[in-house]
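All remarks here apply to the structure that follows.
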Amino acid sequence: MNEPVTPLREVRESIAHAARIAQRETSGIELIAISKTHGVDAIRPLIAEGQRVFGENRVQEAQEKWPALREEYPDLVLHLVGQLQSNKAEDAVALFDCIHSLDRPSLVSALGKAMAKAGRKVPCFVQVNIGDEDQKGGCAIADVPALLEAAREADIPVIGLMCVPPLGIEAAPFFALLAKIAQDNGLEQLSMGMSGDFEIAIMLGATHVRVGSALFGARD
């Protein structure tokens with residue numbers, strides 16, 4: 001009997017297809033299910049299907065949903081993919097297993113102190129403002145080396161780069177640029193690609209794809 005085709009299965013098959021085209025192993029691509037604005041009732045079916053890696057945009061929303069779920073499922077992994085205010089650094093270090101939005105010196109300082117205080121080193125991605133957009137968070141491309149150096153001095157484990165390309169423009173050149181910046185700075189991991197473009201991101205080297213609406217439907 002064939003298994004039902006669920007959104008999670010469809011996304012996993014799309015990831016595998018893109019990986020085959022790129023001659024990559026799917027084991028090198030992490031699917032982060034972005035559950036922002038979706039409640040526990042929407043999250044549970046994905047957990048039941050075996051999804052264990054989830055992403056949230058806001059610390060406060062994650063605090064409301066995830067502690068109880070993590071007691072029930074200790075193997076869940078939680079990523080912070082949205083902008084982080086410096087005054088929430090301690091809460092973020094306590095709750096999340098990875099932070100994708102390290103983007104400025106003040107946050108480097110706050111996270112460094114929070115990690116030292118908690119005795120917990122949380123892997124981080126430096127978010128790059130890849131399209132040079134005033135309204136978006138992210139470190140300017142020219143400032144990436146200095147921010148990486150500051151993070152190293154603060155003993156923050158930076159594992160890669162993250163970006164959100166501009167809306168309405170072909171994403172591939174921005175993904176390729178992020179991959180080049182990562183290579184130039186000796187970083188191997190790339191958090192890039194969302195519901196509409198994760199296959200392209202995989203072909204250009206994404207190690208983490210952040211997929212929300214393709215799994216959960218439109219946001220509440």
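The values are calculated or read from the model by the stated rules, or taken from the named source; none is laboratory data. Please read these numbers as outputs of a predicted model, since none were measured by experiment. Here Cβ is always computed from backbone atoms with ideal geometry, including for glycine, and neighbour counts include all displayed protein chains. Only protein heavy atoms, including side chains, enter the accessible area calculation; ligands, DNA and RNA are left aside. Shrake-Rupley method; radii C 1.70, N 1.55, O 1.52, S 1.80 Å.
How do the peptides 207-215, 47-55 rank, highest first, by the average count of neighbouring beta carbon atoms within 10 Å per residue?
207-215, 47-55
Near Leu177, within a Cβ-to-Cβ distance under 13 Å, what is the net charge of the other residues, with Lys and Arg +1 and Asp and Glu -1?
Charge balance near Leu177 sits at -2.
At Arg9 and Gln183, where each label point lies 7 Å from the Cα along Cα→Cβ, what is the point-to-point distance in nanometres?
3.8 nm
So how many Lys-Lys pairs in the chain land under 21 Å Cα to Cα, not counting same-chain pairs under 8 apart?
Taking the chain as the scope, the lysine pair count is 10.
Between Leu76, Met203, Leu167, whose Cα lies farthest towards the positive end of the dipole of the chain when Lys and Arg beta carbons carry +1 and Asp and Glu beta carbons carry -1, centred on the Cα centre?
Leu76
Give me the net charge for the shell around Ala19: Cβ to Cβ below 13 angstrom, other residues only, Lys and Arg +1, Asp and Glu -1.
With Lys, Arg at +1 and Asp, Glu at -1, the neighbours total -1.
Per-residue counts of other Cβ atoms within 10 Å, averaged by peptide: what ranking do you get for 20-26, 95-101, highest first?
95-101, 20-26
Would you mind working out the magnitude of the charge dipole of the chain relative to its Cα centre, with +1 at each Lys and Arg C-beta and -1 at each Asp and Glu C-beta, to the nearest 20 Debye?
Using only the charged Cβ atoms, the result is roughly 260 debye.
Going by amide H atoms built from the backbone, whose H comes under 5 Å of the H on Gln127, apart from near neighbours?
Hits under the 5 Å cutoff: Leu102, Asp103, Cys139, Met162.
Quick check: at a probe of 1.4 Å, how many percent of the accessible area of the stretch 53-202 sits on carbon and sulfur atoms?
Carbon plus sulfur share of accessible area: 52 percent.
Arg52 versus Glu64, label points 7 Å from Cα toward the beta carbon: distance in nm?
In this crude spin-label approximation the distance works out to 2.8 nm.
In what order, largest first, do Ser35, Ser14, Ser106 sit by accessible area if the probe radius is 1.4 Å?
Ser106, Ser14, Ser35
Taking only protein heavy atoms into account and a 1.4 Å probe, give the accessible area per residue of the stretch 1-159 in Å².
50 Å²
Given bins 10 angstrom wide, list per bin the percent of all Cα-Cα distances in the stretch 104-220, short to long.
Cα pair-distance distribution for the stretch 104-220, in percent: 14, 42, 32, 12, 0.
Applying the Karplus parametrisation 6.51 cos²θ - 1.76 cosθ + 1.60 with θ = phi - 60° to the phi angles of the stretch 130-139, what ³J(HN,Hα) value in whole Hz is obtained for each residue in order, glycine and proline being reported as x?
5, x, 6, 9, 4, 7, 9, x, x, 7
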